[in-house]
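Read the figures in this text as sums done on the coordinates, not as results from a lab. Remember, it's a predicted structure, so these values are computed and weren't measured experimentally. No Cβ is skipped: glycine too gets one built from the backbone with ideal geometry, and neighbour counts run over all protein chains shown.
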Amino acid sequence: MIHETRIHELSAAPVRARDYVLYWMQASQRAGFNHALEYAARAADGLKAPLVVGFGLDASYPEANARHFAFMLQGLQETHAALRERGIQLAVRKAPPDEAALQFARRACMVVCDRGYLRHQKQWRRRVAEEADCRVVQVESDVVVPVEVTSDKEEYAARTIRPKIHDRLDGYLVDLEESGPERDSLDIGLNSADVSDWQAALQRLGADREVGPVDDYTGGTSEARRLLDEFIDQRLARYHDRRNEPALDWVSHMSPYLHFGQISPVEIALEVSLHDGEGPDAYLEELIVRRELAANFCHHNPRYDSFEALPEWARETLAKHAADEREYEYSRERLEHARTHDPYWNAAQTEMVLTGKMHNYMRMYWGKKILEWTRDPAQAHAILAGLNNRYSLDGRDPVSWGNFAWIFGKHDRPWQERPIFGTVRYMNAAGLERKFDIEAYVQKIQRRDEH
């Protein structure tokens, strides 16, 4: 079932009598459990037309490099094959996503698109809706509860958004049946880049190769589902009390797959909901409430990617303490190369550079230290975002921008005042040593580095 509130008509243009229905795939890069895809398949059957999936592949995508494109292309290779089994052609155009969509739309009866919450993603869809001469319909498929159903304003914190989400969950945590399309589109002639071999596709793309692919994570829906099954079988029951221990790696590793839309959060939530206990409850809190708080933040706050998005109290207290003496100050270059006095921070930075991902708890500590070691808080925000977006597979999305903002006080409350941080929450190395076997984490990353 596709809940009607997931569906929004972006244009009033008519449905045309043309060659195919177009699903412009961008955020939801998967062939399974995809509300936008299933809506498009049913629309195609209703119009007695085939369905084509179009994708824009742009080497100049904001802050993307070969690491991100390799993971994405691994997923697209699998999606291409899975769609082909359903008789659906995936046509990939080397062009900015909005331009590719408009090119494909010239032969389309109508355009169905998925949804993104960032500024450039909204701009793409707005342009397509304005310039395409056929109807454009957006179907929201990468949150559990649609962002505007949850709230019509920017929420203050998890405690304010949580009841609004929980009150609506039952209507959205439902299975999605695949249906159609009845007509094959594989023989429709469309100019398309070949993504059947991700390595060859990456070579032809010409993306920035200064940050290369990683071996630790492989893109694609099947790998996402394998990791999810492993997590549920081996770690879910104790997730609530072991997830923060950096050396244990007691996490699901779903964030890169969610970032690229290679697995649905609804699918994950339904699988986890089959199990009872504190572990599943804690995981669903992160997957739904915390993740959708970040979507709410980016959707309702146009300054989500800047220091100006912070609450007034946080900006004022950080400005008040900006001139405080700092025992250590580091340039972005020193930070990027993990050359600080702090072995725990260095290990976290090294983990991100080597693997494309950082342990969730260490990411909080990592960000707090950048704030502490940088004279200007706004510059600290920019450095933190730049490093994370460059190396992390799960960077450059609402969750990342929400995480960055939290470092500086967003979605939090004032704490006891102290130097540098003012009343923004503070973290230190002694806290890591008290709570965890942090030396085991450092050794683990050192072993990874040696290989």
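So here's what we get for this one:
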| item | result |
| --- | --- |
| Convex hull volume per residue in cubic angstrom - Cα atoms of the chain | 139 |
| Vicinal HN-Hα couplings computed from phi for the stretch 253-261 (Karplus, 6.51 cos²θ - 1.76 cosθ + 1.60; Hz; Gly/Pro x) | 6, 7, 4, x, 6, 5, 4, 8, x |
| Signed unit charges on C-beta, dipole axis of the chain, positive-most listed residue Pro62, Gly219, Tyr365 | Pro62 |
| Cα-centre dipole for the stretch 281-376 with unit charges at Cβ (Lys and Arg positive, Asp and Glu negative), debye to 20 | 200 |
| Full-extension gain in nm, Val15 to Leu354, via 0.36 nm per residue minus C-alpha separation | 117.2 nm |
| Estimated vicinal HN-Hα couplings, Hz - the stretch 141-156 in sequence order (Karplus 6.51, -1.76, 1.60; Gly, Pro = x) | 9, 10, 10, 6, 9, x, 4, 7, 5, 4, 7, 9, 8, 6, 7, 6 |
| Nonlocal amide H pairs with Gln89, under 5 Å, H built at 1.01 Å | Val53, Ser185, Leu186 |
| Computed lengthening from Ser331 to Val174, 0.36 nm per intervening residue step minus Cα-Cα distance | 51.7 nm |
| Sequence of Asp397, Asp184 once ranked by neighbouring C-beta atoms within 10 Å, starting from the fewest | Asp184, Asp397 |
| Normalised contact order of the chain, rounded percent, pairs of Cα under 8 Å and 6 or more residues apart | 19 |
| Computed lengthening from Lys122 to Arg418, 0.36 nm per intervening residue step minus Cα-Cα distance | 102.6 nm |
| Lysines with Cα under 19 Å of Lys368, excluding same-chain neighbours fewer than 8 positions away | Lys320, Lys357, Lys410, Lys435 |
| Average Cα contact separation per residue, the stretch 1-142, under 8 Å, 6 or more apart, as relative contact order % | 41 |
| Rh by Kirkwood over Cα pairs, then Stokes-Einstein D for the stretch 393-451 at 1.306 mPa s and 10 °C, µm²/s | 112 |
| Net charge of neighbours whose Cβ lies under 12 Å from the Cβ of Trp198, counting Lys and Arg as +1 and Asp and Glu as -1 | -2 |
| Lys, Arg +1 and Asp, Glu -1 on Cβ, resulting dipole of the chain about Cα centre, debye, nearest 20 | 860 |
| Under 12 Å from the Cα of Lys444 - aspartates and glutamates, other chains or at least 8 residues apart | Asp249, Glu351 |
| Proximal charge balance of Ser151 [Cβ under 12 Å; K/R count +1, D/E count -1] | -2 |
| Range of Cα positions in the stretch 344-451 per principal axis (Å), largest first | 42, 32, 23 |
| Enclosed volume per residue, in Å³, of the convex hull spanned by Cα atoms of the stretch 147-235 | 280 |
| Separation of the Asp187 and Arg448 label points, Cα + 7 Å toward Cβ, nm | 5.0 |
| Magnitude of the charge dipole, the stretch 307-450, Cβ model with Lys/Arg +1 and Asp/Glu -1, debye to 20 | 260 |
| Under 12 Å, Cβ to Cβ, from Arg86 - net charge with Lys/Arg +1 and Asp/Glu -1 | -3 |
| Cut-off under 5 Å, modelled amide H: who pairs with Val136 long-range | Leu10, Ser11, Ala13, Val111 |
| Distance histogram for the stretch 1-142 (every C-alpha pair counted, 10 angstrom bins, percent rounded to whole numbers) | 12, 47, 35, 6, 0 |
| Alpha-carbon gyration tensor eigenvalues x 5, square-rooted, for the stretch 264-321, Å | 33, 14, 6 |
| Contact order relative to length of the stretch 307-450, as percent, for alpha carbon pairs under 8 angstrom and 6 or more apart | 33 |
